[in-house]
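*Asks:* Okay, here's the structure, questions in a sec.
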Amino acid sequence: MKNFRISLLTAMLILGGAFAWAAKVDKAVNIKVGNKNRKYRLYVPNNVKENTALVFCLHGTGGSSDNKQPAFDAIANSEGIIVVYGHGENVTFPFFGNMQLPGWNSTGEWSGDIDYIKAIIEDVAANYSIDRKRIYCCGFSNGGMMTYTVANLLGDVFAAYASISGYPINEFHLHHTGARPVPFLHIHGTTDDLVKSAYVSKIIDNIVARNGCNPVPEVTKVSGKFTKNVYAAGEGGFPIVFYSINGMGHSPETSSTEDGNASKTMWNFMKQFTLDDPCDPTLKWRPCIEQEGWEPQKHGWTINSGTTICSFGKDQNTNANANVYPSLQFIKGDYRLSFNAIGEAGKQVTVQLKRLAGKKDEVFTKTIEVGENRIIEFNIPDEWAEFNISFTKENAEDDITITGIEIHSINGTTGINEIRSDATSSAAGIYSISGARMNSLTHGINIIKGHDGKTRKVLSR
């Protein structure tokens, strides 16, 4: 009898421990979005924290919220965070013979899925204490494609992003023209023949330039497991991280990362960032073609060909490459191009920006003398489009080098304000665009943080 009591007590302790880690909430939630009834799965652990982080997990084509992909329950239990598993509507997929399957409208453009995601945030916030500066998005396959779309459209809502086995292909051609640079981690298998591993490097190239990262990554290799590429953040941007997993196919999980778990790797990356992290929302493109060790001609650039000093952007055969290619994109707005033209005094450089596909009209053609900090302001009158930019010289023999290419938005929605003499009088802190704390304002864009915790960007001339 004594042994029975000891065994019973042991079992109760074990079960008690299990109950302590059981979910407080693990259920399907119905939600009204416009005139549609939709649902999602909510996971709240027993140890949920006040003002906690919220993670969205988006399933692949044909999946559901019940699949719980990527799997974040265990992370929620250990971290005290809330997890939402999205549930996609039926979407027509030409890739699967125009079949209608549960999935996401991951076109990079606004859709009912974006309204749905925003509605879920409000629904969760109405019932739980969440930190709106720590909302994160990750996804598998088509859910990973949708994660790229969320980064494109909701960069001021989500703090960081991660995708496994999913990047925009075919009808979901990558848009990367969002409100701000974003931190992004991508995991992909070397033997993925569905969302093919062969094209993922071009996706990384595009988002690296969009963020203004160093295009030469810091590389870590673990034999038989993974190659990790870290593209360091440049001024005003965030890092991009790409894991190439040896031998992995099209899968929502892998144990071949430093953490032994793909979801944990995604979480460890995302949780580093909040919406309070300083960045330059005006930064739209910084390709860093002059970076030592980088060969731009291997990444879609034409370099030193006849009178062409450098050129980027061209029409692509999308049937041959799943609609994945090097791309320069802008949306409607005002922009400023800056660059250095290094060469013999008196020489000139002609810069042209023209639209690809459709009208194929010129946005501008300007001829400027060589020198540092050359500036061209221009306007894109229409919505999203892709472009070619070229820098040419009068004679092929002229020795001219282009460096420091940057494009920034200059429209009224950037949040950049002219500095006033009293602007820093009540500041709790002054920071550079790269996040370094400073004692006083410096020339250019500064981040000022108030005592109320709010930040604003000011321009000091």
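The values are calculated or read from the model by the stated rules, or taken from the named source; none is laboratory data. These numbers were taken from a predicted model, which means no experiment stands behind them. Here the Cβ positions follow ideal geometry from the backbone for every residue, glycine too, while neighbour counts run over all protein chains shown. Quick note on the areas: whole protein, heavy atoms, side chains included, nothing else; ligands and nucleic acids left out. Shrake-Rupley method; radii C 1.70, N 1.55, O 1.52, S 1.80 Å.
*Asks:* Being in contact with a Ser or Thr (Cβ under 7 Å, 6 or more places away or on another chain), within 24 Å of D156 (Cβ to Cβ) and assigned to a loop (DSSP other than H, G, I, E, B) is the filter here; which residues of the stretch 279-294 pass it?
*Replies:* P281, T282 - these are the residues of the stretch 279-294 that are in contact with a Ser or Thr (Cβ under 7 Å, 6 or more places away or on another chain), within 24 Å of D156 (Cβ to Cβ) and assigned to a loop (DSSP other than H, G, I, E, B).
*Asks:* Within the stretch 336-348, how many residues turn out to be open to solvent by 10 Å² or more (accessible area, probe 1.4 Å) and not in a loop (DSSP other than H, G, I, E, B)?
*Replies:* 5
*Asks:* Here is a further query. Given the residues S244, S256, which is the only one that is under 27 Å from T190 (Cα atoms), in contact with a helix residue (DSSP H, G or I) (Cβ under 9 Å, 6 or more places away or on another chain) and in a strand (DSSP E or B)? Break it down into steps so the answer makes sense when it comes.
*Replies:* Working: S256 fails: in a strand (DSSP E or B).
Only one candidate qualifies: S244.
*Asks:* Next up: If you scan the stretch 80-127, which residues turn out to be part of a loop (DSSP other than H, G, I, E, B) and closer than 22 Å to S141 by Cβ? Don't jump to the end; show me each part of the working.
*Replies:* Step one: of the stretch 80-127, the residues part of a loop (DSSP other than H, G, I, E, B) are 80-81, 87-88, 97-98, 104-111, 126-127.
Hits for the stretch 80-127 are H87, G88, G97, N98, W104, N105, S106, T107, G108, E109, W110, S111.
*Asks:* Out of all the residues in the stretch 391-400, is one or more aromatic (F, W, Y), modelled with pLDDT of 60 or more and either open to solvent by less than 20 Å² (accessible area, probe 1.4 Å) or closer than 20 Å to R286 by Cα (or both)?
*Replies:* Checked against the condition, which is being aromatic (F, W, Y), modelled with pLDDT of 60 or more and either open to solvent by less than 20 Å² (accessible area, probe 1.4 Å) or closer than 20 Å to R286 by Cα (or both), the stretch 391-400 yields at least one hit.
*Asks:* Of all residues in the stretch 313-334, which are buried (at least 19 other Cβ atoms within 10 Å of the Cβ) and either touching a strand residue (DSSP E or B) at 6+ places or on another chain (Cβ under 6 Å) or aromatic (F, W, Y) (or both)?
*Replies:* Hits for the stretch 313-334 are G313, Y325, S327, L328, Q329, F330.
Residue-by-condition table, conditions (1) among the basic types (K, R); (2) touching a Pro at 6+ places or on another chain (Cβ under 8 Å); (3) under 22 Å from H186 (Cα atoms):
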position: G63; (1), (2), (3): no, yes, yes
position: A71; (1), (2), (3): no, yes, yes
position: I75; (1), (2), (3): no, no, yes
position: M99; (1), (2), (3): no, no, no
position: G103; (1), (2), (3): no, no, yes
position: W110; (1), (2), (3): no, no, no
position: Y116; (1), (2), (3): no, no, no
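*Asks:* Another question about this same structure. Would you say Q297 is in a loop (DSSP other than H, G, I, E, B) and surrounded by fewer than 19 Cβ atoms within 10 Å (Cβ to Cβ)?
*Replies:* Here the answer is no, as Q297 does not meet what is asked.
*Asks:* Can you pull out the residues in the stretch 301-327 that are more than 21 Å from I400 (Cβ to Cβ) and out of contact with any Leu (no Cβ under 8 Å at 6 or more places or on another chain)?
*Replies:* If the condition is that a residue be more than 21 Å from I400 (Cβ to Cβ) and out of contact with any Leu (no Cβ under 8 Å at 6 or more places or on another chain), then Q316, N317, T318, N319, A320, N321, A322, N323, Y325, P326 are the ones that fit.
*Asks:* Suppose we keep only residues that are open to solvent by less than 10 Å² (accessible area, probe 1.4 Å) and more than 12 Å from T61 (Cα to Cα) within the stretch 87-115. Which one would you say is modelled with the lowest pLDDT?
*Replies:* G108
Quick grid of which residues meet (1) basic (K, R); (2) touching a Gly at 6+ places or on another chain (Cβ under 7 Å); (3) open to solvent by less than 50 Å² (accessible area, probe 1.4 Å); (4) closer than 12 Å to D26 by Cβ:
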| position | (1), (2), (3), (4) |
| --- | --- |
| E50 | no, no, no, no |
| V55 | no, no, yes, no |
| L58 | no, yes, yes, no |
| G63 | no, no, yes, no |
| K68 | yes, no, yes, yes |
| A71 | no, no, no, no |
| A74 | no, no, no, no |
| I81 | no, no, yes, no |
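*Asks:* Scanning the stretch 151-182 for residues that are free of Cβ contacts under 8 Å to residues at least 60 places away in the same chain and assigned to a helix (DSSP H, G or I), which turns out surrounded by the fewest Cβ atoms within 10 Å (Cβ to Cβ)?
*Replies:* Among residues in the stretch 151-182 that are free of Cβ contacts under 8 Å to residues at least 60 places away in the same chain and assigned to a helix (DSSP H, G or I), the one surrounded by the fewest Cβ atoms within 10 Å (Cβ to Cβ) is L153.
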